[in-house]
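The values are calculated or read from the model by the stated rules, or taken from the named source; none is laboratory data. Model, not experiment: these values are computed from the prediction. Note: ideal-geometry Cβ built from the backbone for every residue, glycine included; neighbour counts use all protein chains shown.
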Amino acid sequence: MDHRVMWIEEGCTFEAASDESVLDAAVRAGVMLPSECCFGACGTCRVRLVSGAVRYDEAPPGLSEAETEQGYALACQARATSDLVLSTDRPLAAPVPPARQRASVHAIERHDAGIVALTLAIHGLERIAFRPGQYLHVHLGEAGVRSFSMASAAGAATVELHIRRIEGGFFTDTLLSTLSPGDTLDVELPLGGFGYHAEDYRPIVMIATGTGIAPLHAMLGEILADPDHPPVSLFWGGRTPSDLYLHDVLSALAAHHDDFDYTPVLSRAAPDWTGARGYVQHAVAARYPDLTEHAVYACGSPDMIAAAKREFASRGVSPRYFYADGFTFQHAPSAVQA
């Protein structure tokens with residue numbers, strides 16, 4: 001009997017017979033589920049069963065009893081006993097539960113290209129706990145919620161947000177322009193499962209467009225603080241030099257760390273631009289024809305992330321090691337809103 005298997009992150013489905021492993025069924029259908037050892041020991045093919053059930057001929061050594069109870073399965077050994085919905089997402093736990101807080105505007109810095117760096121202090125907190133890569137909500141009453149990734153280091157007395165002005169936007173084009181130091185906002189933090197997976201210990205490629213650099217900048221502070229960190233390459237795309245508002249900061253980091261390099265990429269560069277040109281994902285592909293051993297962290301527009309996923313999959317990146325946080329102008333986790 002065949003069962004229908006849906007993989008949430010890739011938005012694809014395939015059929016699995018009851019006498020074959022879920023991984024074998026995926027391979028037969030041309031679906032590239034993460035895998036490595038294929039005999040149940042390494043855990044690379046671990047998936048979460050959002051719905052449905054599986055069985056094993058023998059208990060796989062790479063899956064603990066606790067993980068089984070939490071709904072995880074190893075695709076290389078699991079046999080479907082019903083239709084399945086699978087997730088390969090690996091969200092990271094937050095250091096503290098999210099909570100509503102009052103925040104005061106500490107500082108406002110305006111960059112070119114309509115970028116505002118808004119620094120907030122949280123009432124009653126001397127140190128703000130979050131995992132680099134997470135975001136916060138700004139609650140605006142009847143106007144809804146706006147979400148922004150945190151760009152500064154965790155554990156400091158303030159948190160910095162990078163906000164792009166959206167013409168006609170209630171928050172970015174109206175309220176933000178009226179804020180002054182001392183004004184207060186209603187915020188909720190920390191939120192989101194994006195962040196650095198230190199357990200991978202693979203060479204890292206980071207790719208960002210626009211204010212997608214914000215969570216990657218926070219993550220860089222965490223990664224580069226570890227003297228044993230893996231090599232990190234950051235590619236940041238914009239249209240013109242003014243879009244690269246942290247260019248000097250990132251260039252200084254690259255000059256200070258031997259295992260970190262930074263490549264700015266412009267899609268509308270002037271003739272005198274001597275750096276990389278075109279789309280940022282193509283600059284990565286030109287540098288790394290083989291990404292099999294790398295972990296990728298992508299943040300920015302959903303179009304860039306989708307294009308990067310396709311481009312890098314052809315160069316060997318496993319879906320297990322492709323971590324993404326897409327910015328949109330809709331109400332969604334980690335969304336930048338007007």
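Looking at T178, T211, T174, which is the one that is touching a residue at least 24 places away in the same chain (Cβ under 8 Å) and of a type in the set (V, I, T)? Steps first, please.
On the way: T178 fails: touching a residue at least 24 places away in the same chain (Cβ under 8 Å); T174 fails: touching a residue at least 24 places away in the same chain (Cβ under 8 Å).
After applying the criteria, what remains is T211.
When residues of region 182-215 are filtered for being more than 29 Å from S242 (Cβ to Cβ), among the hydrophobic types (A, V, I, L, M, F, W, C) and touching a Pro at 6+ places or on another chain (Cβ under 8 Å), how many remain?
Going through region 182-215 one residue at a time, the tally reaches 2.
Within the set of pairs 6+ apart or on separate chains, which have a first residue in region 254-268 that is over 13 Å from F235 (Cα atoms) and among the β-branched types (V, I, T), a second that is in a loop (DSSP other than H, G, I, E, B) and modelled with pLDDT under 95, and C-beta atoms under 6 Å apart?
none
Given the condition over 16 Å from A295 (Cβ atoms), crowded, with 16+ Cβ neighbours inside 10 Å, among the small types (G, A, S) and not assigned by TED's automatic domain parsing to the domain that holds P319, answer yes or no: does some residue in region 175-189 qualify?
no
Could you go through region 53-63 and let me know if any residue there is basic (K, R), surrounded by 15 or more Cβ atoms within 10 Å (Cβ to Cβ), part of a strand (DSSP E or B) and over 26 Å from the mean Cα position of the chain (by Cα). Explain how you work it out, then say what you get.
Here is the first cut: in region 53-63, the residues basic (K, R) are 55.
Cutting the leftovers down to surrounded by 15 or more Cβ atoms within 10 Å (Cβ to Cβ) gives us none.
There is no residue in region 53-63 that is basic (K, R), surrounded by 15 or more Cβ atoms within 10 Å (Cβ to Cβ), part of a strand (DSSP E or B) and over 26 Å from the mean Cα position of the chain (by Cα).
Evaluate region 52-74: report whether one residue or more is touching an Asp or Glu at 6+ places or on another chain (Cβ under 6 Å) and on the phi > 0 side of the Ramachandran plot.
Start the filter on region 52-74 by keeping residues that are touching an Asp or Glu at 6+ places or on another chain (Cβ under 6 Å), which leaves 52.
Checking which are on the phi > 0 side of the Ramachandran plot leaves us with 52.
For region 52-74, residues touching an Asp or Glu at 6+ places or on another chain (Cβ under 6 Å) and on the phi > 0 side of the Ramachandran plot: present.
Please go through region 296-328 and give me each residue that is small (G, A, S), surrounded by fewer than 23 Cβ atoms within 10 Å (Cβ to Cβ) and under 17 Å from A286 (Cα atoms), ordered by number. Walk me through it before giving the result.
In the first step, residues of region 296-328 are kept if they are small (G, A, S); the result is 298, 300-301, 306-308, 313-314, 316, 318, 324, 326.
Narrowing further to those that are surrounded by fewer than 23 Cβ atoms within 10 Å (Cβ to Cβ): 301, 306-307, 313-314, 316, 318, 324, 326.
Answer for region 296-328, where residues must be small (G, A, S), surrounded by fewer than 23 Cβ atoms within 10 Å (Cβ to Cβ) and under 17 Å from A286 (Cα atoms): A307, A313, S314, G316.
Just one of (1) surrounded by 14 or more Cβ atoms within 10 Å (Cβ to Cβ); (2) under 30 Å from A154 (Cα atoms) trips up R100, so point out which.
Of everything listed in (1) surrounded by 14 or more Cβ atoms within 10 Å (Cβ to Cβ); (2) under 30 Å from A154 (Cα atoms), R100 misses just condition (1).
When you go through H294, H282 one by one, which is the residue that is without any contact (Cβ under 8 Å) to a residue 40 or more places away in the chain and closer than 25 Å to S149 by Cβ? Reasoning before the result, please.
On the way: H294 fails: without any contact (Cβ under 8 Å) to a residue 40 or more places away in the chain.
Of H294, H282, the one residue that is without any contact (Cβ under 8 Å) to a residue 40 or more places away in the chain and closer than 25 Å to S149 by Cβ is H282.
Would you confirm, using the coordinates I've provided, whether L234 is surrounded by 13 or more Cβ atoms within 10 Å (Cβ to Cβ) and in a helix (DSSP H, G or I)?
Values: surrounded by 13 or more Cβ atoms within 10 Å (Cβ to Cβ): yes; in a helix (DSSP H, G or I): no.
No.
On the basis of being among the polar types (S, T, N, Q), in the same structural domain as Q70 (by TED's automatic domain parsing) and surrounded by fewer than 16 Cβ atoms within 10 Å (Cβ to Cβ), does S35 make the cut? Before the answer, list the steps.
Working: among the polar types (S, T, N, Q): yes; in the same structural domain as Q70 (by TED's automatic domain parsing): yes; surrounded by fewer than 16 Cβ atoms within 10 Å (Cβ to Cβ): no.
Taking the combined requirement at face value, the residue does not satisfy it.
Which number in (1) at pLDDT 95 or above; (2) within 21 Å of the chain's Cα centre (by Cα); (3) in a helix (DSSP H, G or I) marks the one condition that A306 misses?
All conditions pass for A306, except number (1).
If you go through region 106-127, how many residues are surrounded by fewer than 17 Cβ atoms within 10 Å (Cβ to Cβ), touching a residue at least 12 places away in the same chain (Cβ under 8 Å) and not in a loop (DSSP other than H, G, I, E, B)?
Here the count works out to 6.
Given the residues R79, R100, R4, R46, which is the only one that is within 30 Å of H123 (Cα to Cα) and either at pLDDT 95 or above or of a type in the set (K, R) (or both)? Show your work before the answer.
Working: R79 fails: within 30 Å of H123 (Cα to Cα); R4 fails: within 30 Å of H123 (Cα to Cα); R46 fails: within 30 Å of H123 (Cα to Cα).
Unique residue meeting the criteria: R100.
Checking L244 against (1) closer than 18 Å to I204 by Cα; (2) in contact with a Pro (Cβ under 6 Å, 6 or more places away or on another chain), which single condition isn't satisfied?
Condition (1) is where L244 drops out.
Report, by residue number, each residue of region 63-81 that is in contact with a Leu (Cβ under 7 Å, 6 or more places away or on another chain) and touching a residue at least 24 places away in the same chain (Cβ under 8 Å).
Result: Y72, A73, L74, A75, C76.
Which residue, of S87, S104, S152, is within 20 Å of the chain's Cα centre (by Cα), among the hydroxyl-bearing types (S, T, Y) and farther than 18 Å from H217 by Cβ? Steps first, answer last, please.
Details: S104 fails: within 20 Å of the chain's Cα centre (by Cα); S152 fails: farther than 18 Å from H217 by Cβ.
Selected residue: S87, the only one of S87, S104, S152 that is within 20 Å of the chain's Cα centre (by Cα), among the hydroxyl-bearing types (S, T, Y) and farther than 18 Å from H217 by Cβ.
Quickly run through region 128-137 and pick out the residues that are closer than 17 Å to E188 by Cβ and in a loop (DSSP other than H, G, I, E, B).
In the first step, residues of region 128-137 are kept if they are closer than 17 Å to E188 by Cβ; the result is 128-131, 133-137.
Within region 128-137, I128, A129, F130, R131, G133, Q134 qualify.
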